[in-house]
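Step one of this worksheet: look at the structure below.
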Amino acid sequence: MKNQSIGNSIDWITILIYIALVIMGWMTIYSASLPIEETSIFDLSQIYGRQMLFIGLAIPLIFIVLFTDAKIYERLSFVFYGIGIILLLGLFVFGVTKKGQTNWYQFGGFGFQPSEFVKIATGLLLAKYISYSQINFKYTKHQIIGLAIIGLPVFLILLQPDAGSAMIFISLIFVLNREGLPSWYFISGIVAIGLFFASLVIQPFYVVIAIAVFMVIHYIFNRKITRNPIVYGLLFLVMTAFTYSVSYVYDSVLEPHQKDRINVLIGDNVDMKREGYNLDQSMIAIGSGGLTGKGYLEGTQTKGGFVPEQHTDYIFTTVGEEWGFIGSFIVIVLFAALFLRIIYLAENQKTKFSRVYGYCVATYLFTHFFVNIAMLIKLFPTIGVPLPFFSYGGSSLWSFTILLFIFIKLDANKVNEW
């Protein structure tokens with residue numbers, strides 16, 4: 001497809017949703033970081049001024065992505081992935097440590113977080129691998145390679161340590177499952193998380209009793225010819241061992257701040273003036289907005305600076321306080337429209353590479369959105385995951401922009417695919 005004709009095939013609905021979210025995001029950052037004495041919106045000494053600069057620099061990135069040959073993203077996917085892994089390794093030598101995490105490069109007054117861009121490279125390589133005609137996730141070898149593509153950056157990011165970013169990568173298991181990975185991988189993860197939290201709230205003995213009862217019922221009503229009591233027995237032993245290991249992991253492996261975040265979630269020995277303060281204030285801010293909100297730039301919790309990191313991880317508290325339930329609902333609807341639009345476009349791609357990459361984009365964006373909102377209303381531990389297009393930061397905005405517009409470019413190019 002010739003570059004001058006790209007406007008005829010590009011999906012403007014997705015772009016308009018993107019523009020709306022970015023504008024609303026900047027408006028929210030402006031409100032959350034506005035000083036007593038107002039200055040120019042381009043004042044780089046202010047957070048909102050720097051975010052305006054990041055938005056301005058995102059524009060040429062969009063044009064570069066759209067006017068690059070779509071085949072480049074597939075052909076060079078392994079190169080992009082390799083560069084990303086090198087950048088992650090370089091953090092252990094040249095990285096800057098912030099809040100106990102070595103996940104940034106610092107250049108003057110600006111920082112660069114490589115894990116944000118490695119998401120793109122991982123999505124591209126995963127799509128490239130799955131698009132090979134001989135790949136079938138019924139085979140263990142193919143399962144291992146697919147999981148390894150995700151697992152390598154996860155391992156390096158956990159060493160930083162940055163559990164939030166690592167979890168975003170792990171969410172790509174949904175994409176693998178969509179492409180044929182056996183469901184037991186996904187189910188095992190859900191069960192492990194459930195057992196972990198259950199074992200913290202309930203005595204392990206009672207958790208094991210519940211496991212035994214469930215497995216007996218499942219065995220009785222399982223009508224499959226292949227049911228095997230030995231398999232059930234082995235699963236019971238594994239789950240029992242896992243249940244009794246939770247207390248050791250919690251006491252001896254997790255860092256103090258990680259235990260604090262879990263305690264806040266389960267309500268165990270929480271000091272609302274210390275580890276519970278951020279969550280408590282965020283819920284107060286969101287709840288105080290009521291139906292219609294206090295009005296733009298009128299949030300008392302926001303202006304009083306009661307919610308720490310309100311321009312980054314807690315940005316949605318400003319939306320809830322100033323725009324209320326109605327404004328929050330509109331933002332959520334816009335995000336939902338974006339997710340559904342990407343999935344719709346992905347299902348209508350002519351190549352497996354484009355389809356799989358589209359699902360990677362939708363998975364990344366949805367996981368960020370869900371976790372960020374959930375951690376503000378005590379449905380998920382606070383792990384420092386930004387809200388796409390809303391949270392302050394150049395690395396975050398640029399990576400989400402490139403991630404999305406590569407898919408828009410692939411979708412625009414499908415008219416040339418056979």
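The values are calculated or read from the model by the stated rules, or taken from the named source; none is laboratory data. The structure displayed is predicted, hence computed values, not measured ones. Using ideal geometry, Cβ is built from the backbone for each residue, glycine included, and neighbour counts are taken over all protein chains shown. Keep in mind that these areas ignore ligands, DNA and RNA; they rest on the heavy atoms of the full protein, side chains included. Shrake-Rupley method; radii C 1.70, N 1.55, O 1.52, S 1.80 Å.
Applying a length cut-off of 30 Å (Cα extent along the axis) and a mean Kyte-Doolittle floor of -0.5 to the DSSP H helices of the chain leaves 12-33, 316-347, 352-376.
Dividing the alpha-carbon radius of gyration of the chain by the rule-of-thumb value 2.2 N^0.38 Å gives 1.05.
List the residues of region 385-415 whose backbone N lies under 17 Å from a point placed 7 Å from the Cα of Ile23 along the Cα-to-Cβ direction. It comes to 389-390, nothing else. Across region 388-418, the residues whose backbone nitrogen lies under 20 Å from the label position 7 Å along the beta-carbon direction of Ile72 are 398-417. The dipole here belongs to the chain: it is taken about the Cα centre, uses +1 on the Cβ of Lys and Arg and -1 on the Cβ of Asp and Glu, and is about 1540 debye. A crude spin-label estimate for the pair Phe196 and Met283, with each label 7 Å from Cα along the Cβ direction, gives 2.2 nm. Normalised radius of gyration (Cα atoms, divided by 2.2 N^0.38 Å) for region 111-181: 1.13.
With every protein chain in place and a 1.4 angstrom probe, the accessible-area ranking of Ser396, Ser288, largest first, reads Ser288, Ser396. Under a Cβ-Cβ cut-off of 12 Å, what is the net charge of the residues other than Val154 that fall near it, where Lys and Arg count +1 and Asp and Glu count -1? Value of the local net charge: 0. Taking the protein heavy atoms of the chain in the context of the full set of protein chains, the accessible area attributed to carbon and sulfur is 69 percent at 1.4 Å.
Placing a label point 7 Å from the Cα of Asn8 along the Cα-to-Cβ direction, the residues of region 67-104 whose backbone N falls under 19 Å from that point are 67-70. Normalised by the number of residues in region 266-418, the average gap of Cα pairs under 8 Å and 6 or more apart makes the relative contact order 22 percent.
With q set to 0.16, 0.17 Å⁻¹, the log10 of I(q)/I(0) for region 181-329, from the Debye formula over equal scatterers at the Cα positions, is -0.91, -0.95. Rounded to a whole number, what is D in µm²/s for region 1-96 from Stokes-Einstein with the Kirkwood radius over alpha-carbon pairs (10 °C, 1.306 mPa s)? Once the numbers are plugged in, D ends up at 94 µm²/s. If you sort the three axes of the alpha carbon gyration tensor as a ≥ b ≥ c, you get a/c of 1.5 or more for region 85-145 and a/b above b/c, which makes it prolate. Packing here is the average count of other Cβ atoms within 10 Å per residue, and on that basis the peptides 210-221, 127-138, 398-409, 169-180, highest first, run 398-409, 169-180, 127-138, 210-221.
Sorting 148-155, 369-376, 181-188, 316-323 by average packing, meaning the other beta carbons within 10 Å per residue, from highest down gives 316-323, 369-376, 148-155, 181-188. With a 1.4 Å probe and all protein chains kept in place, how much accessible area does Arg227 have, in Å² rounded to the nearest 10? Looks like 90 Å² after rounding. In this label model, Tyr296 and Val79 are separated by 4.4 nm, measuring between points 7 Å along each Cα→Cβ vector.
With the alpha-carbon atoms of region 176-265 aligned to their principal axes, the span from lowest to highest coordinate is 48, 36, 19 Å, starting with the largest. Cβ-Cβ distance of Leu234 and Lys141, R₀ of 25 Å, FRET efficiency by 1/(1 + (r/R0)^6): the value works out to about 0.60.
Taken over the Cα atoms of region 306-418, the convex hull encloses 105 Å³ per residue. Computed over protein heavy atoms with a 1.4 Å probe, the accessible surface of region 322-418 works out to 33 Å² per residue. Stretched out straight at 0.36 nm per residue, the stretch from Val216 to Ser247 would grow longer than its current Cα-Cα span by 8.6 nm.
Protein heavy-atom accessible surface, 1.4 Å probe, per residue over region 70-198: 49 Å². Of all the C-alpha pairs in region 66-200, what % are more than 24 Å from each other? In whole percent, the long-distance tail amounts to 39.
I want to verify a result. In a Gaussian network model of the chain, Cα cutoff 10 Å, which of these has the top mean-square fluctuation: Gln51, Gln310, Gln203? Highest fluctuation among the options: Gln203. Which aspartates and glutamates, on any chain, are close to Lys71 with Cα under 20 Å apart, when same-chain ones fewer than 8 places away are left out? Within the straight-line limit of under 20 Å, Lys71 reaches these aspartates and glutamates: Asp11, Glu347, Asp411, Glu417.
Taking all Cα pairs closer than 8 Å and separated by 6 or more residues, the relative contact order of the chain comes to 25 percent.
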